[in-house]
Amino acid sequence: MSTLDREREREREERRVTAGVLDGVVHIATRHGHLKVLEVLHKFRANFEARDTQGRSALHLATAASNFMVIRKLLSLVRE
């Protein structure tokens with residue numbers, strides 16, 4: 001494997017790990033009702049469709065908590 005190939009592989013791995021971290025943060029921000037954090041995560045292209053280890057999306061969490069402000073925010077961000 002050439003140096004360039006190794007560098008490209010490292011960059012792909014960093015993007016994959018970063019994306020996974022952002023996806024987890026979406027769930028945390030949802031649980032705690034942090035609307036501004038959700039907006040920032042959307043700007044950084046976090047995956048709002050990601051599922052947690054129990055198969056729940058951020059929208060599932062917000063709905064289970066009856067947090068209508070977060071539900072509204074998640075729906076508006078996903079539509080953008």
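Readers should treat all values here as calculations from the given coordinates under stated rules, not as data from a laboratory. Please read all numbers here as calculations on a predicted model, not as lab measurements. We place every Cβ from the backbone using ideal geometry, glycine too, and count neighbours over all the protein chains shown.
Counting Lys and Arg as +1 and Asp and Glu as -1 over every other residue whose Cβ lies under 12 Å from the Cβ of L4, the net charge comes to -1.
So if I place +1 on the C-beta of Lys and Arg and -1 on the C-beta of Asp and Glu, and nothing else carries charge, what would the dipole magnitude of the chain be about its Cα centre? I want it in debye, nearest 20. Display every interim value, and only then the final one.
Working: 15 positive and 11 negative charges, 59 e Å.
It comes to approximately 280 debye.
Other residues whose C-beta falls under 11 angstrom from the C-beta of E39 contribute a net charge of +2, scoring Lys and Arg +1 and Asp and Glu -1.
Between E49, E39, E13, the GNM of the chain built on Cα springs shorter than 10 angstrom shows E13 fluctuating the most.
If the chain between M69 and T3 were fully stretched, how many nm would it gain, using 0.36 nm times the residue separation less the Cα-Cα distance?
Details: separation 66, 0.36 × 66 = 23.76 nm, distance 4.87 nm.
That works out to 18.9 nm of additional length.
Which of R12, R51, R31 moves the most in a Gaussian network model of the chain with Cα springs under 10 Å? Sorting by GNM fluctuation, first place goes to R12.
Just from its helices, what would the mean residue ellipticity at 222 nm be for the chain, if runs of 4 or more DSSP H residues each count -39500 (n - 2.57) and the sum is divided by every residue, rounded to the nearest 500 deg cm²/dmol? All intermediate terms of the calculation are to be shown ahead of the outcome.
Numbers: 4 runs with 58 residues, N = 80.
It comes out at -23500 deg cm²/dmol, rounded to the nearest 500.
The share of Cα pairs per 5 Å bin across the stretch 24-80, counted from zero up to the longest distance, runs 4, 23, 38, 26, 9, 1 percent.
Taking label points 7 Å from Cα along the Cα-to-Cβ direction, V40 and T53 give a separation of 2.6 nm.
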